[in-house]
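Take a look at the structure below.
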Amino acid sequence: MSSTDLVTFPGRGGTGAEPGRPGVGRAHGKAILLGEHAVVYGAPALVMPMPQLTVTVHATRFACPGDGADKISFAIAGQHPAPVTPLVTDGLQYLVERFRERAAVTGRMCADVLIDSDIPQGRGLGSSAACARAAGLALAAAFGRPLDPAAVYDLVQASETVAHGRASGIDALATGATAPLLFRGGSARELPITLSGPRPAGVFVVADSGAGGSTKEAVELLRDRFEQDEQIKEAFVRRVSELTTAALRDLEDGRLTGFGAHMTENHRLLRDLGISTEPIDAMVEAALAAGGLGAKITGGGLGGCMIALAGDPGQAEAVAHGIQEAGAVRTWVVPVGRFASHDR
Ligand code: MEV
């Protein structure tokens, strides 16, 4: 992958090269609009960043003690209640190893790494990729080794592959993007949509079912299913590719109703493969009954979140209310468009 086709930003980081001054890295959540799972098999997917869900990581170097090993200790800020699954995963530990190689750090590395994340875990909103991205950027700043976007992507992908088994790269890019993306085959381009203008861009409502789901298990479930029946895989990947391509044209031409219908069909395909859950299906139906233009599960599934499209903020409010009545524990309203990067 070339660095020129990545739509990422390096994130904020002080020089912080001396012990004691923290390096800071930031990233954010994401929600997949269409194409999850099929994207693992080469289909295109549409994804939007969720700037209201951020993760900030501070990496503070300290003088290494006498013995020979690196010491990178992770801590989590302000998680009340404590997360069910540990935020400091094998993926993050692996990221540290890869960071040393990729950033060509020759001396010992000793740092305290503090992760402060708003992104709920195991909800398909990109928590693991965002933590990895922010941690990589913070380490780069703390050790005075700036990384280009391709290097950041490689680090996050390495960490994601440990966390999820097989990762398409969509989360690694979207958690650093400042605009919705069309992702395919490891690279992405920004979608041509703005918050205001002659064409309505719509408003998305993302809702948390309150139940965690493992992306790793969901990816493995489909891999096993597809290994048993290649035709099911081909039909799924082909149909999702068609839906995503048609939805992209809808978005470009301002046909929100068409976009929503493609989302809903994508949900039914995922549901039929066992990726959805009853609570998520109920939230999808409630969103449609409340006037939503389309609705589907988002992310890895087997729990987690759903996403609905509304035509305007008033409709989004009604849709959010309907989804809450159906059991959502949290909702976020996300207007479609570009936002300022964290690099300020
Ligand atoms: C996870 O956000 C999206 C999946 O398609 C996995 C991936 O693309 O890496 C389920």
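Scoring VAL237 on the criteria (1) assigned by the TED database to the domain that holds GLU36; (2) in a helix (DSSP H, G or I); (3) more than 11 Å from the ligand (Cβ to nearest atom) leaves a single failure, condition (1).
Table: residues versus (1) among the basic types (Lys, Arg); (2) surrounded by fewer than 19 Cβ atoms within 10 Å (Cβ to Cβ); (3) not assigned by the TED database to the domain that holds LEU34.
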residue: LEU181; (1), (2), (3): no, no, no
residue: ARG225; (1), (2), (3): yes, yes, yes
residue: LYS233; (1), (2), (3): yes, yes, yes
residue: ASP253; (1), (2), (3): no, yes, yes
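Looking across LEU87, LEU92, LEU139, one residue alone is at pLDDT 90 or above and of a type in the set (A, V, I, L, M, F, W, C). It is LEU139. With VAL219, VAL162 as the choices, which residue is within 16 Å of the ligand (Cβ to nearest atom), surrounded by 17 or more Cβ atoms within 10 Å (Cβ to Cβ), at pLDDT 95 or above and not acidic (Asp, Glu)? Matching residue, one of VAL219, VAL162: VAL219.
One residue stands out among those in the range 95-109 that are more than 18 Å from ALA150 (Cβ to Cβ) and outside any loop (DSSP other than H, G, I, E, B): the one that is least open to solvent (accessible area, probe 1.4 Å), which is VAL96.
Determine whether the range 55-65 contains at least one residue that is farther than 22 Å from ALA207 by Cα, open to solvent by less than 30 Å² (accessible area, probe 1.4 Å) and out of contact with any Asp or Glu (no Cβ under 7 Å at 6 or more places or on another chain). Within the range 55-65, one or more residues are farther than 22 Å from ALA207 by Cα, open to solvent by less than 30 Å² (accessible area, probe 1.4 Å) and out of contact with any Asp or Glu (no Cβ under 7 Å at 6 or more places or on another chain). Cβ-Cβ distances below 7 Å connect the following pairs, each with a first residue in the range 149-172 that is on the phi > 0 side of the Ramachandran plot, a second residue that is near the ligand (Cβ under 7 Å from one of its atoms) and in a helix (DSSP H, G or I), and a separation of six or more residues or different chains: GLY165/VAL219.
The values are calculated or read from the model by the stated rules, or taken from the named source; none is laboratory data. What you see is a predicted model, and the numbers here were worked out from it, not measured in a lab. Here Cβ is always computed from backbone atoms with ideal geometry, including for glycine, and neighbour counts include all displayed protein chains. The accessibility values were calculated without ligands, DNA or RNA, using every heavy atom of the protein model including side chains. Shrake-Rupley method; radii C 1.70, N 1.55, O 1.52, S 1.80 Å.
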